[in-house]
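The values are calculated or read from the model by the stated rules, or taken from the named source; none is laboratory data. Just so it is clear, the structure is predicted and the values come from calculations on it, not from any experiment. A quick note on method: Cβ atoms are made from the backbone with ideal geometry, for glycine too, and the neighbour counts reach across all protein chains shown. The protein model used for the area step is the full one, side chains on, heavy atoms only, and it has no ligands, DNA or RNA in it. Shrake-Rupley method; radii C 1.70, N 1.55, O 1.52, S 1.80 Å.
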Amino acid sequence: MALERFPKATHLLYLDTDAVLASPRFNIRYMYDVLAHDGYGDNATRNTLSPSLIVNKPYTGWLCNQCERFNLGHGCFNSGVLLWRRSQGMDAILQSWWRARFHNESQNFFIANENGGQEHFFGWDKKKAGREKMSEQNRLMFIFRTDPDVQQHVWPVPRQVVEGVNTESCPNYVGHVPCLQNDFAGKAKWRDAAAHWNPKEMSENRTRKSGGDDPFCFVQHHADKKEEVSNVLQQIWDGFVAGMV
């Protein structure tokens with residue numbers, strides 16, 4: 001629907017209803033250009049890329065723990081914020097994702113459990129009602145892992161391994177570059193919405209340790225405290241009204 005509604009748009013940003021732009025300073029194309037540069041993290045190529053989809057890894061939490069247990073590496077996503085580039089690659093991802101709606105438990109990630117059997121991946125807490133099936137988020141991770149045509153068009157960020165945890169799946173800090181989304185706005189210590197990320201501060205060989213300045217995320221995703229969204233929107237509205245007076 002969005003593609004038809006905005007036929008001239010080259011880049012599109014999908015947000016869950018509990019996600020809010022952190023700042024009006026940065027447009028969608030700027031976000032894409034910054035995040036599509038492979039200039040940081042482990043094995044960086046220093047190349048400017050052209051992915052069809054940029055996704056962000058989850059902050060520490062349930063999904064993070066699951067991805068670490070199943071060794072998903074960079075293929076661990078929170079699909080609440082998706083940054084798209086209109087392209088044939090985007091069509092390939094969407095078609096594969098749509099076909100995956102028929103996937104069942106046999107088309108999933110598996111690990112051996114302590115009883116000698118197999119445990120399959122849950123991207124949602126399976127103890128909660130209605131979350132025993134694969135979600136659309138799980139299916140996106142699955143096609144990324146199993147479909148080479150999808151994998152070549154998707155760019156998960158951030159890239160670096162977290163020191164002390166040795167995981168690529170779930171950063172508890174993301175170095176010195178901006179991220180697409182902060183999906184635990186109530187717990188993660190990120191810069192506030194008024195902060196301005198300065199590209200001049202970025203250097204190829206610089207990596208801040210945990211406890212240093214936190215990066216600026218383009219989207220604040222209030223997945224952990226959804227009620228905060230109304231407060232954020234009220235502040236935005238109040239600022240807009242004050243600017244008109």
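How would you order 47-53, 5-11 from highest to lowest mean count of nearby Cβ atoms within 10 Å?
47-53, 5-11
With all protein chains present and a 1.4 Å probe, how do Glu228, Glu114 order by accessible area, largest first?
On the way: Glu228 50, Glu114 180 Å².
Output order, biggest surface exposure first: Glu114, Glu228.
Determine how large the accessible area of Asp238 is when every protein chain is in place; take a 1.4 Å probe and give Å² rounded to the nearest 10.
Around 80 Å² of this residue is reachable by solvent.
Give me the number: length gained by fully extending Leu15 to Asn43, i.e. 0.36 nm times residue separation minus the C-alpha to C-alpha distance, one decimal in nm.
Gain in length upon complete extension: 7.1 nm.
What does the charge count around Leu82 come to, taking other residues whose C-beta lies under 14 Å from its C-beta (Lys +1, Arg +1, Asp -1, Glu -1)?
Numbers: positive: Lys57, Arg85, Arg86, Arg139; negative: Asp16, Glu136, Asp183.
Around Leu82, the charge tally is +1.
Can you sort Phe110, Phe77 by 1.4 Å-probe accessible area, starting with the largest? Can you show the working numbers first?
Details: Phe110 85, Phe77 0 Å².
Greatest to least solvent exposure: Phe110, Phe77.
Obtain the nm distance between the two label points defined at Ser87 and Asn27 by a simple spin-label model: each point lies 7 Å from its Cα along the Cα-to-C-beta direction.
Simple spin-label model gives 2.0 nm for this pair.
Provide the gained length on full extension for the span Ala2 to Glu136, in nm with one decimal, where the gain is 0.36 nm per separating residue minus the Cα-Cα distance. Walk me through the intermediate numbers first.
Details: separation 134, 0.36 × 134 = 48.24 nm, distance 1.84 nm.
Contour length minus Cα-Cα distance gives 46.4 nm.
How much length is gained if the chain between Ser50 and Lys225 is pulled fully straight, taking 0.36 nm per residue apart and subtracting their Cα-Cα distance, in nm to one decimal?
On the way: separation 175, 0.36 × 175 = 63.00 nm, distance 3.33 nm.
Taking Ser50 through Lys225 to full extension adds about 59.7 nm, to one decimal.
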